[in-house]
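Working notes for the structure below.
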Amino acid sequence: MTKDTACCPGAQWTRVADLGNAQAIDCALVRCSACGRPWMHLWTPYAPKESYSPLEDAAAAELAAMPPGPERKRKLCELLDL
């Protein structure tokens, strides 16, 4: 999948991890294939378009290391301001 707006226009996303969902928003950790910056890929059946949200390296590493469960869901809600 190609990015249209972000750090490196036209670069590919590299999927790193499926993060589950937070309040009906499905989340995945992806990285820019050009510069390596982490992003959260967000989508839901209730919205017509997917979106991407930039992440700090520390937050991306923390999410990738967390096992699925309530703590990761709480962190996703915190990051998404839900």
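Points worth noting:
- Search result, residues across segment 32-41 that are at negative phi and either in a loop (DSSP other than H, G, I, E, B) or in contact (Cβ under 8 Å) with a residue 24 or more places away in the chain (or both): 32, 33, 34, 35, 37, 39, 40, 41
- Residue list for segment 14-29, filter: under 11 Å from the mean Cα position of the chain (by Cα) and closer than 17 Å to residue 49 by Cα: 21, 25, 26, 27, 28
- Enumeration of residues in segment 59-79 that are closer than 21 Å to residue 8 by Cβ and without any contact (Cβ under 8 Å) to a residue 24 or more places away in the chain: 59, 61
- Checking residue 50 against (1) touching a residue at least 60 places away in the same chain (Cβ under 8 Å); (2) in contact with a Phe, Trp or Tyr (Cβ under 9 Å, 6 or more places away or on another chain), the condition it does not meet: (1)
- Residues that are free of Cβ contacts under 8 Å to residues at least 12 places away in the same chain and closer than 15 Å to residue 75 by Cα, drawn from segment 1-20: 18
- When residues in segment 23-34 are screened for being surrounded by 19 or more Cβ atoms within 10 Å (Cβ to Cβ) and modelled with pLDDT under 90, 0 of them pass.
- Residue in segment 42-54 that is at pLDDT below 90, among the β-branched types (Val, Ile, Thr) and on the phi < 0 side of the Ramachandran plot present: no
- If the condition is being of a type in the set (Lys, Arg) and in a helix (DSSP H, G or I), then segment 42-82 contributes 72, 73, 74, 75.
- Residue, nearest to residue 24 (Cα to Cα), within segment 35-74, restricted to residues that are surrounded by 10 or more Cβ atoms within 10 Å (Cβ to Cβ) and among the small types (Gly, Ala, Ser): 47
The values are calculated or read from the model by the stated rules, or taken from the named source; none is laboratory data. Not measured: the values here are computed from a predicted model. Backbone-built Cβ (ideal geometry, glycine too); neighbour counts: all protein chains shown.
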